[in-house]
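Q: Below you will find the structure I want to go over with you.
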Amino acid sequence: MPTQIESFFHQETSSFTYLVYDISSKEAVLIDPVADFDLFSGKISYQSAEMIFSQIEAQQLKLKWILETHAHADHITASQWFKAKTNALILIGARITTVQQTFNQLFNLTSIHAATAEDFDQLLADKQVITIGNTPIKCIYTPGHTPSCSTYLIDNHAFVGDTLFMPDYGTARCDFPGGDAGTLYDSIKTIFALPEETHLYMCHDYQPGDRELLWQTTVKEQKIHNIHIGNNRTRSDFINLRQERDKQLKVPKLLLSALQINIRAGKLPIAENNNHQYLKIPINQI
Ligand SMILES: [Fe+2]
C-alpha cells in the first residue's frame, strides 16, 4: 500500500525523526522522536515534538507505533510524550535488555529505578513484522553501534538508524559498551543485500564541509560512495578504520543524561521525596 514519509530535522542534535503513514488507513508510525534538552539547566521541553504532533493532527493520522532504532546517546527520546498524546505503543529491538543491563550497572539503577523490558510496550524480534494499515514494517537487526540497533523496512524504504551515514560521512561509531566494528560491518552488508534501489533514511546528518542537509540515499549510492565501507572495502580494513576513528572521538555531550532516560523508553527518573527528578553523572566510570 502507498505510504507517505515526512522527515523532521532536530538541529541541536543533528537527528532525524520520521513520520510514516499508510495513505488509505491513515495509520502512522513515528521513528526516533526527539525531545529538546538543555544540559546546562536540566530543562526538558517538547517544542520540536509539538511541531511533529501538529502534523499528525492536521492530517488526522492515527499514530499506532513509536519505533526506536536504538537507545540513543545523543538525544533524549520524546516517545513517552507522544505516547501520552496518542496512546501509540513504544517498540524497540529485543536486545535492548543487554543495553539496559550495562547501563543499570553503570548508573546503579536497582529495584524500581532499573530499566527493564517492561518499560517498552513490545520488544521486536529480528525479522518481526508489524503493520500500519495493510503496510508491513519489518524489523531487521543491525547491531554494531549498539547491541540493540534495528533497521525498519517499510516497502522499499529502510530507516537504518545509526549504521550508515550519508556516503560522505561514513558510518556510525562502534565504541559504546557492546559496540563492535565487525558486527557493524556485517549489519551494513545485510542492508547492502536489499535491492539496490532501496531508499535509505539516515538517523543523523552532520553536513560535512557545510554542505546542504541530506537524509536520504540508496543502497546503490552507499555501495559505491560510502567513504568508510563503499567500494568493496574488506571487513578487516573497515574494522581498522572504524577503530582508529573511534579512538579520536569524544564521549557525546548527552550520553550520560540521555541513556538514563532512553533505556527506560523515555520515562524520566522517578521523583525523590522532594518530588524532584534527577539525573546521575558517574565519576570516572567511562
Ligand atoms: Fe546512536
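Q: Quick one: which residues, 5+ away or cross-chain, put their amide H under 5 Å from the amide H of Leu124? H built at 1.01 Å from N.
A: Ile92, Gly93, Ala94
Q: Another question, then. At a 1.4 Å probe radius, carbon and sulfur cover how many percent of the accessible area of region 17-143? Before the final figure, lay out the partial values.
A: Values: 2710 of 5320 Å².
Whole-percent figure for carbon plus sulfur exposure: 51.
Q: List the lysines whose Cα sits under 28 Å from the Cα of Lys62, skipping any in the same chain fewer than 8 residues away.
A: Lys26, Lys83, Lys85, Lys127, Lys138, Lys267
Q: Could you tell me the center-to-center distance, by alpha carbons, between region 104-147 and region 161-185 in angstrom?
A: 19 Å
Q: Continuing with the same structure: With a cap of 16 neighbouring Cβ atoms within 10 Å, and only residues DSSP puts in a loop, list the GluC sites (Glu not before Pro) found in region 178-286. Display every interim value, and only then the final one.
A: Numbers: sites: Glu196, Glu197, Glu212, Glu221, Glu244, Glu272; in loops: Glu196, Glu197, Glu212, Glu272.
Here the sparse-neighbourhood loop sites are Glu196, Glu197, Glu212, Glu272.
Q: Considering only protein heavy atoms and a 1.4 Å probe, what is the carbon-and-sulfur percentage of the accessible area of region 211-286? Kindly include the intermediate steps, with their values, before the conclusion.
A: Numbers: 2430 of 4900 Å².
Answer for region 211-286: carbon and sulfur cover 50 percent of the accessible area.
Q: Turning to a different aspect of this structure: Which whole-number percentage describes the relative contact order of the chain, with Cα contacts under 8 Å and a sequence gap of 6 or more?
A: Values: 593 pairs, mean separation 49.5, N = 286.
Relative contact order of the chain: 17 percent.
Q: Hey, could you grab the Kirkwood Rh for region 33-142? Inverse mean 1/r over distinct alpha carbon pairs, Å, one decimal.
A: Details: mean 1/r = 0.0643 Å⁻¹.
Hydrodynamic radius (Kirkwood, Cα pairs) of region 33-142 is 15.5 Å.
Q: On to the next question. Expressed in nm to one decimal, what extension gain is obtained for the pair Lys247 and Ile281 from 0.36 nm per residue of sequence separation less their Cα-Cα distance? Write out the running numbers ahead of the final one.
A: Numbers: separation 34, 0.36 × 34 = 12.24 nm, distance 2.22 nm.
Length gained between Lys247 and Ile281: 10.0 nm.
Q: OK, next. Sticking to Cα atoms, compute the Rg of the chain to one decimal and its Dmax as the biggest Cα-Cα distance, whole number, in Å.
A: 18.2, 58
Q: Also, I was wondering about something else. For Leu200, enumerate residues with amide H under 5 Å from its amide H, sequence gap 5+ or separate chain, H modeled in the peptide plane.
A: Under 5 Å from the amide H of Leu200: Ala158, Thr217, Thr218, Val219.
Q: Tell me which lysines have Cα within less than 20 Å of Lys250's Cα, excluding those fewer than 8 residues away on the same chain?
A: Straight-distance partners of Lys250: Lys280.
Q: Skip the ligands, DNA and RNA, and give the accessible area per residue of the chain with a 1.4 Å probe, whole Å².
A: Values: 13030 Å² over 286 residues.
Value for the chain: 46 Å² per residue.
Q: Amide H to amide H, which residues 5 or more places from Leu89 or on other chains are under 5 Å from it, using H placed in the peptide plane?
A: Amide H neighbours of Leu89: Trp65, Ile66.
Q: Using Cα springs under 10 Å in a Gaussian network model of the chain, which residue among Thr69, Thr116, Thr151 shows the largest mean-square fluctuation?
A: Maximum among the listed residues: Thr116.
Q: Enumerate the calculated ³J(HN,Hα) couplings along region 12-19 in order (Karplus 6.51 cos²θ - 1.76 cosθ + 1.60, θ = phi - 60°), each rounded to whole Hz, writing x wherever the residue is Gly or Pro.
A: Whole-Hz 3J(HN,Hα) from phi for region 12-19: 4, 10, 6, 10, 10, 10, 10, 10.
Q: Go ahead and collect, in residue order, the members of region 105-123 whose backbone nitrogen is under 20 Å from a label point 7 Å along the Cα-Cβ direction of Glu272.
A: Answer for this model: 105-115.
Q: Also, I was wondering about something else. Give the calculated FRET efficiency between Leu213 and Phe40 to the nearest 0.05, with a Förster radius of 22 Å applied to their Cβ-Cβ distance.
A: Values: r = 26 Å, r/R0 = 1.17.
FRET efficiency, Leu213 to Phe40: 0.30.
The values are calculated or read from the model by the stated rules, or taken from the named source; none is laboratory data. Computed from a predicted model, the values in this text were never measured in an experiment. Reconstructed Cβ throughout: ideal geometry from the backbone, glycine too, with neighbour counts over all protein chains shown. With ligands, DNA and RNA removed, areas are computed over all heavy atoms of the protein, side chains included. Shrake-Rupley method; radii C 1.70, N 1.55, O 1.52, S 1.80 Å.
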